[in-house]
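Scroll down for the structure; my scribbles are underneath it.
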Amino acid sequence: MNLDVIGLGALNMDNLYRVDRILDDGEAVVNEVISTPGGSAANTIYGLARLGLSAGFIGVVGNDADGKLLIKDFQQVGVDTSHIKVKHRAQTGSVLCLSDRRGKRALYVRPGANNRLSWDDIDLAYLDRARMLHVSSFVHDQQFRMTQELVARLGAATSLSFSPGTLYVSRGLTALIPILARTHILFLNHREIRQLTGEDVVAGTEVCLRQGCRTIVVTLG
């Protein structure tokens, strides 16, 4: 069966702490705590599946309760989870997120099992069944290099959607050029495009277009 989209990215449990403001130093009260399945690419694939697209995901989780919950959450909306691998003696990735009333966030990533994603976990024939591959970031250098090579080997019939996030943007434009050259849709926020290109939103978009991106989506907050 062919798929509309396959996601590749970190699988995390997001632990969200609502606070009045994020402190540089000091003490404050937590107003609310929410734990929910997350990961940039995972959130996108979950949303697309809910909209009715046929979707799958490639990633890794630990052999723990969080890993089982992440897989079950995908399955409830019809995402193909057959290519999510369970890593024994590893903890599922997690993110600690502080979010204040103004919408500012501070995220602290514990990659866990995500650092163990390897070529043995990726089936190129499976990717060739997708109209589009949606890729987001990992923490470790090994997975970044894998992403670069994977994009280079991606079949011509599969389009690429790329959401680098702060982790990959911080690597700099030169490091991302091989991926951007193959990207059909690039997702950045206004801070990321300034950091990546050194330009404002409009000029930064033009920089990304010159690298080969077809469409640039910039969120403004």
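The values are calculated or read from the model by the stated rules, or taken from the named source; none is laboratory data. Fair warning: this is a prediction, and the values are worked out from it, not measured in the lab. When we count neighbours, we look across all protein chains shown, and the Cβ atoms used for this are built from the backbone with ideal geometry, even at glycine. The accessibility values were calculated without ligands, DNA or RNA, using every heavy atom of the protein model including side chains. Shrake-Rupley method; radii C 1.70, N 1.55, O 1.52, S 1.80 Å.
Structural remarks
- Residue check for Arg102: in a loop (DSSP other than H, G, I, E, B) and open to solvent by 40 Å² or more (accessible area, probe 1.4 Å): yes
- Number of the exception - Met146 against (1) surrounded by fewer than 17 Cβ atoms within 10 Å (Cβ to Cβ); (2) in contact with a helix residue (DSSP H, G or I) (Cβ under 7 Å, 6 or more places away or on another chain): (1)
- Candidates Leu133, Leu124: the one that is surrounded by fewer than 14 Cβ atoms within 10 Å (Cβ to Cβ), touching a residue at least 24 places away in the same chain (Cβ under 8 Å), under 23 Å from Ile84 (Cβ atoms) and of a type outside the set (Asp, Glu) is Leu124.
- Residue count for segment 4-41 under the criterion of being surrounded by fewer than 20 Cβ atoms within 10 Å (Cβ to Cβ) and assigned to a strand (DSSP E or B): the result is 15.
- Ser94 being more than 17 Å from the chain's Cα centre (by Cα) and either farther than 27 Å from Met1 by Cα or crowded, with 17+ Cβ neighbours inside 10 Å (or both): no
- At least 2 residues being more than 28 Å from Leu16 (Cα to Cα) and touching a Lys or Arg at 6+ places or on another chain (Cβ under 8 Å) is the threshold, and among the helices (runs of 4 or more DSSP H) wholly inside segment 105-193 those reaching it are 141-153.
- Meets criteria (without any contact (Cβ under 8 Å) to a residue 24 or more places away in the chain and surrounded by 14 or more Cβ atoms within 10 Å (Cβ to Cβ)) for Val201: yes
- From the list Ala49, Ala106, Ala55, the one residue that fits, being within 25 Å of Pro164 (Cα to Cα) and in contact (Cβ under 8 Å) with a residue 60 or more places away in the chain, is Ala106.
- Restricting segment 156-169 to residues that are in contact with a strand residue (DSSP E or B) (Cβ under 9 Å, 6 or more places away or on another chain) and among the small types (Gly, Ala, Ser), the residue that is most open to solvent (accessible area, probe 1.4 Å): Ala157
- Looking across segment 30-41, the residues that are more than 10 Å from Ile6 (Cα to Cα) and either in contact with a Phe, Trp or Tyr (Cβ under 9 Å, 6 or more places away or on another chain) or touching a residue at least 24 places away in the same chain (Cβ under 8 Å) (or both) come down to Val30, Asn31, Glu32, Val33, Ile34, Pro37, Gly38, Gly39, Ser40.
- In segment 136-161, the residues that are without any contact (Cβ under 8 Å) to a residue 40 or more places away in the chain and aromatic (Phe, Trp, Tyr): Phe144
- Test for Arg116: is it open to solvent by 10 Å² or more (accessible area, probe 1.4 Å) and either at pLDDT below 95 or of a type in the set (A, V, I, L, M) (or both): no
- Scanning segment 24-52 for residues that are out of contact with any helix residue (DSSP H, G or I) (no Cβ under 9 Å at 6 or more places or on another chain) and closer than 22 Å to Asp123 by Cβ yields Ala41, Thr44, Leu48.
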